[in-house]
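One structure is given here, and the rest of the page talks about it.
The values are calculated or read from the model by the stated rules, or taken from the named source; none is laboratory data. In this text, all values refer to a predicted model and were calculated from it rather than measured experimentally. We place every Cβ from the backbone using ideal geometry, glycine too, and count neighbours over all the protein chains shown. The accessibility values were calculated without ligands, DNA or RNA, using every heavy atom of the protein model including side chains. Shrake-Rupley method; radii C 1.70, N 1.55, O 1.52, S 1.80 Å.
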Amino acid sequence: MSEVKIKLAAGTNVGLLRQNNEDNFIVSSDLGTSEWLIPQVGTEIDLGELGALLVVADGMGGSNAGEVASAIAIETVQNKFTPELLAEVVDNDKAVQEYMKAVVKEADLNILNQSKEDATKQGMGTTIVMAWILGNKAYVCWCGDSRCYVLNRRKGLVQLSKDHSYVQELVDKGELSAELMHDHPLSNIITRCLGDVDNRANPETRIYQLHNGDVFMLCSDGLCGLCHDDQILDVMIKFHDDPVECKKELISAALAAGGYDNVTVAIASIQTDEDDDVYDEEEETAATGEENLSTTIRCETIGRRSHKLRNLVLLFVILVIAVVTYAYFTKDSNPTSQSIITTITLYWEKLSSYIK
């Protein structure tokens, strides 16, 4: 098994409009020690036998109830990720995945029980996303729309989780293009969570093979709901060697984009002695080298940019027709041909700026 070293960083911000922070997070750099602390800034540590864990929970329900729900979820994870409980599951992929699902379901039950005991907390709920870095793999488990990404030197920025949301269902049905998900007016509607009295939590899992230089990023939708993936990619490329600065810059980007929600980010950068040329078929792409790191996301954003471009071209054509029509029918103050050309040229320059 390859030797793995990690750097961790995590943080949260209440945002610019909210009065309280309903997000919660927790990080353990070594589950074998039962310490839930972020290592000293910039510290690179050896990955222990029981691995490291990052968790982000995004509460909802108002009147502090969301904060309570996310706190219960985090506390449940702490109680279940202890050395004595983990030792029996770490050697089997399926056992690891089933264990993570069971922890989420137990957190769901704990939230529901608290809601029954305290009427003021009825209706509270939370999303959750976890990344368990264990051996040479990362096990991702999630319920809701909090996300896990990985920045990979060959593939670019890859979303490992898949939103449990209304707009994701539209995409799955072929009724909406993936490029338009972010800006859809109903993008905040989730279809799964913890604490739903009508539907028990139904988490999903995924296994990812670690590669040297990978950077994992977990976040609440206070980041991915405000910033497009290409914006997130730009920050992560720039600060991929410094998780602490990367975390700060991502939160700053969310605040600059409006900051109307709580924003939470947890980051783990990976260094391994694994052969960088070893990739399985699912992970292999045509992009190679760090200079092409943005290829994947850049391609994914072409559709969104093309959509804007089509609208702009249509606007440009309408403008040309309007200007020419005005020039023809206005007898007394007919603009000169040069003024018409100047106006059209200005809009063509604007159109060209979107093409670049």
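Can you name the strands (runs of 3 or more DSSP E) wholly within region 175-272 that have at least 2 residues being touching a residue at least 24 places away in the same chain (Cβ under 8 Å) and open to solvent by 20 Å² or more (accessible area, probe 1.4 Å)? Quick ask: steps written out before the conclusion?
Working: elements: 204-209, 215-219, 263-272.
Correct list: 204-209.
Checked against the criterion of being under 18 Å from VAL129 (Cα atoms) and aliphatic (A, V, I, L, M), the candidates ALA87, ALA73 yield just one match: ALA73.
Out of curiosity, is VAL167 within 30 Å of ASN212 (Cα to Cα) and open to solvent by less than 40 Å² (accessible area, probe 1.4 Å)?
Details: within 30 Å of ASN212 (Cα to Cα): no; open to solvent by less than 40 Å² (accessible area, probe 1.4 Å): yes.
The answer is no for VAL167.
Evaluation of VAL90 against the conditions (1) surrounded by fewer than 21 Cβ atoms within 10 Å (Cβ to Cβ); (2) part of a helix (DSSP H, G or I) shows that the sole unmet condition is (2). Of all residues in region 112-127, at least one satisfies being over 30 Å from ASP234 (Cα atoms) and buried (at least 24 other Cβ atoms within 10 Å of the Cβ).
Of all residues in region 15-27, those being touching a Gly at 6+ places or on another chain (Cβ under 9 Å) and of a type in the set (A, V, I, L, M, F, W, C) number 3.
Looking at the structure I just gave you, is GLU67 part of a helix (DSSP H, G or I), open to solvent by 20 Å² or more (accessible area, probe 1.4 Å) and in contact (Cβ under 8 Å) with a residue 24 or more places away in the chain? Reasoning before the result, please.
Working: part of a helix (DSSP H, G or I): yes; open to solvent by 20 Å² or more (accessible area, probe 1.4 Å): yes; in contact (Cβ under 8 Å) with a residue 24 or more places away in the chain: yes.
The answer is yes for GLU67.
Specify the residue that is most open to solvent (accessible area, probe 1.4 Å); the eligible residues are those in region 1-28 that are of a type in the set (D, E, K, R) and closer than 30 Å to ASP91 by Cβ. Applying the filter and picking the extreme gives GLU3.
The set of residues from region 7-39 being more than 27 Å from LEU255 (Cβ to Cβ) and outside any loop (DSSP other than H, G, I, E, B) comprises SER28, ASP30, GLU35.
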